[in-house]
């Protein structure tokens, strides 16, 4: 027997965590299994519901890791298909939640929707009619705003990584592989690791320069990351993710890199020369080090909010 929660849980933000905490606590009180049913890929990519604009806050691997860390006993990833989308809310609860996973209770978030009929207001009554206990933990607000994946994406798009972190409960990050760049940064004394994302649909924060935490080669560092089109050195308009890692001089081409965004330093600017750009990069690094209290380079794990 199990207590079940279900949804996409993109970002596993503070609102999701309230649902998960309720799930885990209720299952322990009942002596049952806490079971979380999530989906992959995102329904919008299957149903083509404005799918081109969709960007994810978490990859499937990140979502699994965070949910596991919150104490969920069983995480089931259900493949979302067009056939699956045709299930009504009642059939989903009856056949899958109760039938396949033995649910005795279900935890419903404040905006939980299931089934092709999109029934929301009577979700609790449908569950109760099937003999399921319904737990409703409600919503979570930060600075007067209800936490949601949509709101977090909007904050990231505007470069407000601090605001996004306050709703996520952790610093937003990107994971990828280091690929070759044009090496212009090295000629200016600021070599950069150019990242290609492992998940192409992962949300990229808005254009600008950021103070970041970096993980590569099994160690953690500080650095500054530029997200943008590099208007001073290129006119192709392609967005790149380039990170200068402080006190670091290793060859990491082809290796893993992860960055977590601490705060935005400035917008991207087109400079008249590489010399002007180099001077600005020096100022950017000084500002980053000032924010860190002069502590650049490798960081002890205890200082990171990862």
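The values are calculated or read from the model by the stated rules, or taken from the named source; none is laboratory data. Quick caveat: nothing in here was measured; it's all calculated off a predicted structure. Positions of Cβ are generated from backbone atoms using ideal geometry, with glycine treated the same way; all protein chains shown enter the neighbour counts.
Here are some notes:
- Only one of 64, 28 that is within 13 Å of the chain's Cα centre (by Cα), surrounded by fewer than 19 Cβ atoms within 10 Å (Cβ to Cβ) and assigned by TED's automatic domain parsing to the domain that holds residue 127: 64
- Where residue 295 falls short, out of the listed (1) at pLDDT 85 or above; (2) in a loop (DSSP other than H, G, I, E, B): (1)
- Screening residue 140 on (1) in contact with a strand residue (DSSP E or B) (Cβ under 9 Å, 6 or more places away or on another chain); (2) over 21 Å from residue 42 (Cα atoms); (3) surrounded by fewer than 18 Cβ atoms within 10 Å (Cβ to Cβ) shows it passes everything except condition (3).
- Some residue of segment 115-131 being part of a strand (DSSP E or B), in contact (Cβ under 8 Å) with a residue 24 or more places away in the chain and surrounded by fewer than 15 Cβ atoms within 10 Å (Cβ to Cβ): no
- Condition broken by residue 265, with the remaining ones in (1) under 19 Å from the mean Cα position of the chain (by Cα); (2) on the phi < 0 side of the Ramachandran plot satisfied: (1)
Yes/no per residue for (1) surrounded by 14 or more Cβ atoms within 10 Å (Cβ to Cβ); (2) touching a helix residue (DSSP H, G or I) at 6+ places or on another chain (Cβ under 8 Å); (3) free of Cβ contacts under 8 Å to residues at least 12 places away in the same chain; (4) over 21 Å from residue 26 (Cβ atoms):
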residue: 58; (1), (2), (3), (4): yes, yes, no, yes
residue: 68; (1), (2), (3), (4): no, no, yes, no
residue: 94; (1), (2), (3), (4): yes, no, no, no
residue: 101; (1), (2), (3), (4): yes, no, no, no
residue: 109; (1), (2), (3), (4): yes, yes, no, no
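- In segment 72-92, the condition of being assigned to a helix (DSSP H, G or I), modelled with pLDDT of 95 or more and under 23 Å from residue 174 (Cα atoms) is met by no residue.
This table checks each residue for (1) in contact with a strand residue (DSSP E or B) (Cβ under 6 Å, 6 or more places away or on another chain); (2) under 23 Å from residue 163 (Cβ atoms); (3) surrounded by fewer than 20 Cβ atoms within 10 Å (Cβ to Cβ).
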position	(1), (2), (3)
243	yes, yes, no
251	no, no, yes
261	yes, yes, no
266	yes, yes, yes
271	no, no, yes
283	no, no, yes
288	yes, yes, no
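- Restricting attention to segment 41-57, the residues that are within 19 Å of residue 111 (Cα to Cα) and either touching a strand residue (DSSP E or B) at 6+ places or on another chain (Cβ under 7 Å) or in a loop (DSSP other than H, G, I, E, B) (or both) total 5.
- Number of residues in segment 145-178 that are assigned to a helix (DSSP H, G or I) and within 19 Å of residue 263 (Cβ to Cβ): the value is 15.
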